1. Just subtract the alpha-carbon distance of residue 46 and residue 72 from 0.36 nm times their residue separation and send over the number in nm, one decimal.
2. Compute the Kirkwood hydrodynamic radius of the range 4-77, taking the inverse of the mean of 1/r over all pairs of distinct Cα atoms, and give it in Å to one decimal.
3. Rounded to whole Hz and in sequence order, give me ³J(HN,Hα) for the range 77-82 from the Karplus expression 6.51 cos²θ - 1.76 cosθ + 1.60, θ = phi - 60°, writing x for Gly and Pro.
4. Using DSSP to define loop residues, name the trypsin sites (Lys or Arg not before Pro) in the range 1-73 whose beta-carbon has at most 12 other beta-carbon atoms within 10 Å.
Amino acid sequence: MCDGCCCGTDRKHPGVDHAAIRERIDAAAVSAGGRSRVVGCVGACERSNVVIVRPAGISTDRVWVGGVLDDEIVDQLCDWIAADAVTPAPAAVAARVFSNGSTPPSVSVALSGLRS
């Protein structure tokens, strides 16, 4: 999860409980046998709040999701992560998926600890 210059800040998104969003995503990742990490800016500020998901069993493909700000998207994202993010993304998540070109190698979020 990005928590850089724009994502996760009250300055850009006042009234959003960023800590609660991070806790919910972390709990979903842990329930799937994974983990989550908060990282600095991932360079997609126009799409904040950004969450990058690495589905279970897939080491290279990452799904970039922007606009993770409201309960609908957080609920669907967490349900998808808890299900290992291997099925097609739910509608609200799919609508916010974007391509960032390349994934910084230091970014590993959501399901980077995979089930055996």
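1. Using 0.36 nm per residue and subtracting the Cα-Cα distance, I get 7.4 nm.
2. Every distinct Cα pair counted, the radius reaches 12.8 Å.
3. Result, ordered by residue: 4, 5, 4, 5, 4, 4 Hz.
4. 11
Values quoted throughout were computed directly from the atomic coordinates according to the rules given, and no laboratory measurement underlies them. Since we're looking at a predicted model, the values are computed, not measured. Ideal geometry is used to build each Cβ from the backbone, glycine not excepted, and the neighbour counts take in all protein chains shown.
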